[in-house]
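One structure is given below, encoded as structure tokens.
The values are calculated or read from the model by the stated rules, or taken from the named source; none is laboratory data. These figures come from a predicted structure and were not determined experimentally. Note: areas computed on protein heavy atoms with side chains; ligands, DNA, RNA excluded. Shrake-Rupley method; radii C 1.70, N 1.55, O 1.52, S 1.80 Å.
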Amino acid sequence: VADARDPATGVPVYSLYGATRRPTPAMLAGLDALVFDIQDIGCRFYTYIATLKNCLEAAAKAKVKFIVLDRINPIRGDRIEGPVMLDKPVFTAIHMIPLRHGMTAGELARMFNVESRLHAELQVIQVEGWQRDQWMDASGLPWQNPSPNMRNLNAATLYPGIGLLEYAISVGRGTDTPFEVIGAPFIDDRLLAHELNQMHLPGIRFQP
């Protein structure tokens with residue numbers, strides 16, 4: 001993603017998903033506030049939350065107000081699962097949280113601000129009407145792809161587990177069903193399907 005300029009207004013558009021991953025002081029100069037309005041999917045290595053923390057840190061240093069327009073956690077807010085990354089923070093593990101963290105972006109922002117002692121002027125516009133035990137399809141909200149390979153709730157549900165395997169196998173990026181199919185030349189598909197089916201994932205049946 002490259003920097004650009006909005007053709008209608010002439011306002012500069014700065015990419016935070018490339019060589020630059022946090023706003024620079026020049027980008028924030030003259031701003032009254034920085035607004036985060038992005039749908040997360042509830043998984044630690046989905047890097048939107050890393051961008052959230054990077055922006056929060058930059059806003060705190062620049063003394064710019066930081067506003068989060070909160071969204072629901074589409075894979076539920078009452079399920080906390082997976083390992084906690086304890087090493088030095090990286091873009092796919094920006095904070096010490098579990099793999100499936102169960103939080104909204106606004107809740108994460110509040111935690112980042114306190115635990116990292118950022119002292120940012122943070123305002124969270126809280127989501128309303130969402131119950132923590134709801135999947136996104138129970139909320140009545142329409143699905144809109146938050147990124148090109150996150151195309152439905154099924155993919156988002158599978159992503160925290162399937163994404164862990166991505167360093168070693170294909171997880172379906174570039175297919176019509178990313179994170180719903182996996183493959184590699186060395187996989188015994190029948191044995192893998194059997195083992196995955198033993199996990200009894202609700203509503204999911206793996207076929208070799």
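Roughly how many Å² of Tyr46 are accessible to a 1.4 Å probe, to the nearest 10? Roughly 20 Å² of Tyr46 is accessible to a 1.4 Å probe. To put it simply, the accessible area of the chain at a 1.4 Å probe is 55 percent carbon and sulfur. Against the chain, whose longest principal axis is taken from its Cα atoms, helix 48-62 shows a tilt of about 20°.
Taking the longest Cα principal axis of the chain as reference, the axis of helix 105-115 is set at about 70 degrees. A helix-only calculation puts the chain at -7000 deg cm²/dmol for mean residue ellipticity at 222 nm, using -39500 (n - 2.57) for each DSSP H run of at least four residues, averaged over all residues. Compared with the dominant principal axis of the Cα atoms in the chain, helix 153-162 is inclined by about 80°.
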